[in-house]
Amino acid sequence: MLLLFPWGRRHAFPESFPYGIKNERLRKRIVALMFSGDSGAAGLTGTPGASLLELWRLRKVVMRDMPAIRTPALIVHASRDDVTSLWNVHYLQKHLAGPMETVLLDNCFHMITVDQQCQDVVAHTARFFQALGLGPESRTPRETVSGASPPDACPPSDCLTGPGPK
């Protein structure tokens, strides 16, 4: 936290290998896009210090208020996350007041929504909401947008790099 005052606010903390992605082909593609200068395509090459400072401020508020949160929660985390630890999962399990379900993924890194188990993330999320009665089948015809199909939550396995290793 001390690094963020005052120098760190203007500094970017660089991303590093393996960039949160276990799938080698996808990682190569994402890294090339990151360093192409188009941050909209795959993200920044580093996290701005000002963003980290805001994250720490938000974290403080959320941690303080967590015992009052009773909303059902789905906690999905990579068991071998290269950015953060399972401490976060344990903290949420201990401090959230509402019902929760935890899913640990064993074949991906930090970027679970694009890495090798992105389809598992989609499936667990859909099942979680369906169990709460919030799935698409619980909508009335009036609530359904005609002619629209739901967007893919993650690219097909061969969209960016071809099927990844399992």
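The residues neighbouring M100, those whose beta-carbon lies less than 12 Å from its own, together hold a net charge of +1 under the Lys/Arg +1, Asp/Glu -1 convention. Accessible area per residue was computed with a 1.4 Å probe on protein heavy atoms; Y91 scores about 50 Å². Distance between the modelled labels on R80 and K28, one decimal in nanometres: 2.0 nm (7 Å Cα→Cβ projection).
The values are calculated or read from the model by the stated rules, or taken from the named source; none is laboratory data. Remember, it's a predicted structure, so these values are computed and weren't measured experimentally. With ideal geometry, Cβ positions are generated from the backbone for all residues, glycine too; neighbour counts draw on all protein chains shown. Accessible surface is based on the protein model in full, side chains and every heavy atom, while ligands, DNA and RNA are left aside. Shrake-Rupley method; radii C 1.70, N 1.55, O 1.52, S 1.80 Å.
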